[in-house]
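Here the structure comes first, spelled out in structure tokens, and everything after it is commentary.
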Amino acid sequence: MRTIPIISGGKYTLYAAATATMPVRTEIIILSVLESPEFHPCHNGTKCVKHRIGTYTADHSQSQAHLDIDLHGTLIIPGWDTPAIVGLMDSPPSPEKLHEILAANVNPHFERYELWVPCPDTLDSSTLTICE
């Protein structure tokens, strides 16, 4: 399984979403990185799949936690200066802004482009061509 190119001490913004109408935006600092993502089933009784990729601390928090993500549905953007993308269905970003967000993603496993494209077409992940 391919490694996600994140570094210890780096600041990242995560966007995780079940639907594009309410993505969860989390700013984190990476504390440690695993060499390869490890499978971890969810413990809340749902049929979700998570992979542990390291440990993190939330923005200026003293506590640390395991970084368990949905590899195929979580955008990982370097830095904290990222655009807010909540409520995409209410006011979708321009194709240019959406291209910028998706192009900044460093998660090579991300596949859930349909959550972020504000039209019924699919996104070509190789060129990040966005439908009109």
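The values are calculated or read from the model by the stated rules, or taken from the named source; none is laboratory data. Not measured: the values here are computed from a predicted model. Here Cβ is always computed from backbone atoms with ideal geometry, including for glycine, and neighbour counts include all displayed protein chains.
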* To do: Identify the residue in the stretch 99-108 that is more than 15 Å from Arg25 (Cβ to Cβ) and more than 10 Å from the chain's Cα centre (by Cα) and, among all such residues, is modelled with the highest pLDDT.
  => Pro108
* For the subset of the stretch 45-82 comprising residues that are surrounded by 15 or more Cβ atoms within 10 Å (Cβ to Cβ) and part of a loop (DSSP other than H, G, I, E, B), which member is modelled with the lowest pLDDT? -> Thr82
* Test: residue in the stretch 115-131 that is buried (at least 18 other Cβ atoms within 10 Å of the Cβ), at pLDDT 65 or above, in a loop (DSSP other than H, G, I, E, B) and within 17 Å of the chain's Cα centre (by Cα) -> yes
* Determine the pairs where a residue that is within 15 Å of Gly10 (Cβ to Cβ), located within the stretch 61-84, has a partner that is of a type in the set (Gly, Ala, Ser) and assigned to a loop (DSSP other than H, G, I, E, B) with Cβ atoms under 7 Å apart, the partner being 6 or more residues away or on another chain. => Pro78/Gly10
* Filter the stretch 22-41 for residues that are within 15 Å of the chain's Cα centre (by Cα) and surrounded by 12 or more Cβ atoms within 10 Å (Cβ to Cβ); which is modelled with the lowest pLDDT? -> Pro23
